[in-house]
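**Q** Just dropping this structure here.
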Amino acid sequence: MKAVCWHGANDVRVDTVPDPKILNPRDAIVKITSTAICGSDLHLFNGYIPTMEKGDILGHEFMGEVVELGSAVKNVKIGDRVVVPFTIACGNCYFCTSDLWSLCDNSNPNGWLAEKIMGHSPSGLFGYSHIFGGYAGGQAEYARVPFADVGLFKVPDGLTDEQVLFLTDIFPTGYMAAENCNIKPGDIVAVWGCGPVGQFAIRSAFMLGAERVIAIDRIPERLQMASDYGKAEVLNYEEVDAGEVLKEMTGGRGPDAVIDAVGLEAHGNDLMGLYDRVKQELRLEPDRPTALRNAIVACGKGGHVSVAGAYGGFLDKFPMGAAMNKALTFKMGQTHVHRYLRPLLEHIQNGDIDPSFIITHRLPLEQAPHGYEIFKQKKDNCIKVVLKP
Ligand SMILES: NC(=O)c1ccc[n+]([C@@H]2O[C@H](COP(=O)([O-])OP(=O)(O)OC[C@H]3O[C@@H](n4cnc5c(N)ncnc54)[C@H](O)[C@@H]3O)[C@@H](O)[C@H]2O)c1
Ligand SMILES: [Zn+2]
Ligand SMILES: [Zn+2]
């Protein structure tokens, strides 16, 4: 089959690789009909996530048709259309049964590696390096889905791929980011980053009762989308001092909650940003946390800091003094996709939201390298690429 493979920083190729096979009774094989490129894939593309190996198949946002089932999978049938959460979860362990699916104890065969760095291992993830299990991803014609009895969700009739594809990751991720803000009526939420995750965080913050959402980025078409579709007030951090303006916009109090929808490759236009870039290039600091720093400093006293942006390792110049003395609450994590999939599907069915608004590019799988390039460089107004195998 054809699959998008990682060959090193800034080098992805569409290779011919062996088809996946059922390896145990809880597996399924899905023939992929739609798959997307995520901001998290850019961290791999740019070479900032360790333990990638040449030839690894990328992709963790995918859906398709069930073509083969292990003997223990009874909840779906051959031919069913399904979406697949990017987090792999067993459904039986302490964490899965506590609704904390991205912390599954049984789905990361390389857990020992994660434990060395993090103390404990999070769940396995599709197409996301060997530290997260080394699973083949879904930017391919077929994928093997482990624990398919809990990891496949049947799509109800009448919904298109584009309406449901983002249930695999970015819609739940934006929603969990907003939920982690503990929004109360009247709250003002500020969102750093107007990429796909930021856009869904904005929409979700309103769905959860925020009175105002203020979104921050520097890419004009992303700010435009946040304002047109998200109904957010927008700030271009290259034109204004976002922290100062947020203070003015909130009567001096600062937002009640802040969301980091940027992650470890934040762009920094100040001295600190330059410092991060040099340290990251020298591999002295894995992550560039400009947006997170700014969000913490801007957050109002007693507020919530919700981190959806991905981080891999250690952060420099983390404003712990601001966080501690302003009594901020931090919430974060890889998304517990399984928890949100059904309720968010209902929102789509009820017409509360049509997630396809985010798509700017539809490309055949063969053009994945071009898709990565325009998404990374924000060329051609690219916000979200969907690949069609
Ligand atoms: N927690 C999870 O489970 C989960 C799931 C999906 C994605 N993510 C992470 O969420 C983050 C965003 O993903 P995405 O797909 O939206 O990516 P993206 O790269 O398209 O979007 C990031 C946006 O942040 C903006 N940005 C950069 N520096 C900034 C700064 N200093 N201040 C404000 N904005 C800034 C960029 O211009 C861009 O629009 C990534 O780190 C990704 O890995 C996490
Ligand atoms: Zn993703
Ligand atoms: Zn589990």
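The values are calculated or read from the model by the stated rules, or taken from the named source; none is laboratory data. All of these numbers come straight from a predicted model, not from anything done at the bench. Note that we place each Cβ from the backbone using ideal geometry, even for glycine, and neighbour counts take in every protein chain shown. Each accessible area value is taken on the protein alone, full model and side chains, heavy atoms only, with ligands, DNA and RNA left out. Shrake-Rupley method; radii C 1.70, N 1.55, O 1.52, S 1.80 Å.
**Q** If I take the Cα coordinates of the chain and project them onto the principal axes, what are the three extents in Å, biggest first?
**A** Principal extents (largest minus smallest coordinate, Cα): 60, 48, 44 Å.
**Q** Between Lys184 and Asp157, what's the calculated FRET efficiency when r is the beta-carbon distance and R0 is 51 Å? Round to 0.05.
**A** Calculated transfer efficiency: 0.85.
**Q** Just the C-alpha atoms of region 1-117: what Rg/Rh do they give, with Rh taken as the Kirkwood radius?
**A** 0.97
**Q** Oh, and also: What's the FRET efficiency of His120 with Arg13 using the Cβ-Cβ distance as r and R₀ = 35 Å, to the nearest 0.05?
**A** The pair His120/Arg13 has a calculated efficiency of 0.50.
**Q** Right, next: May I ask for the net charge around Arg212, where only other residues with Cβ less than 9 Å from the Cβ of Arg212 are counted and Lys, Arg are +1 while Asp, Glu are -1?
**A** -3
**Q** Gain in length, Leu208 to Glu221, computed as 0.36 nm per residue apart minus the alpha-carbon separation, to one decimal in nm?
**A** The Leu208-Glu221 span can extend by a further 2.2 nm.
**Q** Cα-based count: Lys pairs in region 241-358 below 23 Å, eight or more positions apart or different chains?
**A** Number of lysine pairs found: 10.
**Q** Which angle between 0 and 90 degrees, to the nearest 10, do you get for helix 271-281 versus the longest principal axis of the chain when only C-alpha atoms count?
**A** Taking the Cα atoms of the chain, the angle to 271-281 is about 30 degrees.
**Q** Same structure, new question: Within region 110-150, name every residue whose backbone N is under 15 Å away from a label modeled 7 Å from Cα of Leu363 along the Cβ vector.
**A** Once the point is set 7 Å along Cα→Cβ of Leu363, 139-140 turn out to lie under 15 Å by backbone N, inside region 110-150.
**Q** By DSSP, what percent of the beta bridges with both residues in the chain are antiparallel, rounded to the nearest 5?
**A** 55
**Q** Just to check, using Stokes-Einstein with a Kirkwood Rh over alpha carbon pairs, what's the diffusion coefficient of region 259-336 at 37 °C and 0.692 mPa s in µm²/s?
**A** 257
**Q** Something else now. Percent of accessible area on the chain owned by carbon and sulfur, 1.4 Å probe?
**A** 52
**Q** Let me check the size of region 196-352 from its C-alpha atoms; what are the radius of gyration and Dmax in Å?
**A** For region 196-352, the Cα radius of gyration and maximum Cα-Cα distance read 16.1, 50 Å.
**Q** Let me ask another. Please calculate how many Å² of accessible area the chain carries per residue, with a 1.4 Å probe and no DNA, RNA or ligand atoms counted.
**A** 41
**Q** What FRET efficiency, computed as 1/(1 + (r/R0)^6) with R0 = 30 Å and r the Cβ-Cβ distance, is obtained for Trp112 and Glu281, rounded to the nearest 0.05?
**A** Calculated value: 0.55.
**Q** Between region 7-44 and region 128-194, what is the C-alpha centre distance in whole Å?
**A** 16
**Q** Tell me which trypsin sites (Lys or Arg not before Pro) from region 192-291 have a DSSP coil assignment and no more than 16 other beta carbons within 10 Å of their own.
**A** In loop regions of region 192-291 (DSSP not H, G, I, E or B), the sparsely surrounded trypsin sites (Lys or Arg not before Pro) are Arg218, Lys231, Arg253, Arg283.
**Q** I've got another one for you. For the chain, what is the calculated [θ] at 222 nm in deg cm²/dmol (nearest 500), taking -39500 (n - 2.57) for each run of four or more DSSP H residues and dividing by its residue count?
**A** -8000 deg cm²/dmol
**Q** Please list the non-local residues whose amide H lies under 5 Å from the amide H of Met63, H modeled 1.01 Å from N, same-chain partners needing a gap of 5 or more.
**A** Those lying under 5 Å, H to H, from Met63 are Thr33, Ser34.
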